[in-house]
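**Q** Got a structure for you, questions after.
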Amino acid sequence: MENKASTRVAFCGLFAAFMLVVMLLGTAIPMTTFLAPALAGALVIPIVWEFGRKAGLLLYIAVSILSLILAPDKEAAFLFLFLLGWYPILRPTIQHISSKAGRVVVKLAICLVSVTAVYALLLFVFTMPDLHAEAASWTLPLLLVFLVLGCVTFLLYDQLLGRCRELYVRRLRPKLFRNH
């Protein structure tokens, strides 16, 4: 793809709109609090591939701000802002860690710190009555189960991001840009 400014703006604008639609539709459908930001985050992959991390980061910032303003499900918007939106931009750097165990430890640390930050903010800074009512029933063993399942799910999401990148590069990109 040519790297003209107008092409970059159009491509990024199209993906920003698509990501925002995913965030908004995801909040309209029950039980998609985690799915919508994960899918929206995966949509940044073509932008990073075509235009680099700086363009991907700007796209992430724009969609994060718009999601915080427009999305009714603030939990999903915070998950996008604090983890699922920027992680696909950082993932290629993490993949360069030579040790597989080191990569997994870094990914799990990112997941745990980010998820802890999201729920600490949602519970203690931004009062959400529904979340407070739900959190009242959480016990320590249940929280540990949630964290373990969340980490496993995050590692599966990481694998999915790798496959999405390969799908874009090998299948979609040649169809979208026939001269490449």
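The values are calculated or read from the model by the stated rules, or taken from the named source; none is laboratory data. All of these numbers come straight from a predicted model, not from anything done at the bench. Cβ placement follows ideal geometry from the backbone for every residue including glycine, while neighbour counts extend to all protein chains displayed. Please note that ligands, DNA and RNA were not included when accessible areas were found on the heavy atoms of the full protein model with its side chains. Shrake-Rupley method; radii C 1.70, N 1.55, O 1.52, S 1.80 Å.
**Q** For the chain, how big is the tail of P(r) above 29 Å, as a whole percent of Cα pairs?
**A** Looking at the chain, the distances longer than 29 Å represent 24 percent of pairs.
**Q** OK, next. Heavy atoms only, probe 1.4 Å: what % of the accessible area of the range 136-180 goes to carbon and sulfur, would you let me know?
**A** Summing carbon and sulfur atoms, their accessible area is 68 percent of the total for the range 136-180.
**Q** Which order do you get for 145, 44, 169 if you rank them by accessible area with a 1.4 Å probe, largest at the top?
**A** Result, largest first: 145, 169, 44.
**Q** Quick one: order 86, 49 from most to least accessible surface, probe 1.4 Å.
**A** Listed by decreasing accessible area, they come as 49, 86.
**Q** So, one more: Alpha carbon centre of the range 22-41 versus the range 150-170: separation in Å?
**A** 17
**Q** What fraction of the Cα pairs in the range 17-73, stated in percent, has a spacing above 12 angstrom?
**A** In whole percent, the share of Cα-Cα pairs in the range 17-73 beyond 12 Å is 63.
**Q** Taking 0.36 nm per intervening residue step and subtracting the Cα-Cα distance, what contour gain separates residue 113 from residue 170 on full extension?
**A** Using 0.36 nm per residue and subtracting the Cα-Cα distance, I get 17.2 nm.
**Q** Could you compute how fast the range 1-98 diffuses translationally, taking Rh as the Kirkwood radius over C-alpha pairs and applying Stokes-Einstein at 37 °C with viscosity 0.692 mPa s? Give it in µm² per second.
**A** Estimated diffusion coefficient is 245 µm²/s.
**Q** Further, regarding this structure: Residue 139 accessible area, nearest 10 Å², 1.4 Å probe?
**A** My reading of the accessible area for residue 139 is about 70 Å².
**Q** Take the Cα atoms of the range 43-145, find their three principal axes, and give me the spread along each one in whole Å, biggest first.
**A** 44, 36, 18
**Q** How much accessible area per residue does the chain have, counting only protein heavy atoms and a probe of 1.4 Å, in square angstrom?
**A** For the chain, the solvent-accessible area averages 58 Å² per residue.
**Q** Loop sites only, by DSSP: take the trypsin sites (Lys or Arg not before Pro) in the chain that have at most 13 other C-beta atoms within 10 Å and name the longest stretch containing none of them.
**A** 5-177
**Q** If you rank 97, 69, 47 by how much accessible surface each has, with a 1.4 Å probe, what is the order from largest down?
**A** Reading off the accessible areas and sorting them downward yields 69, 97, 47.
**Q** Which percent of Cα pairs goes in each bin when the distances of the range 103-180 are cut into 5 angstrom slices starting at zero?
**A** Distribution as computed: 3, 12, 16, 16, 13, 11, 9, 7, 6, 4, 2, 0 percent.
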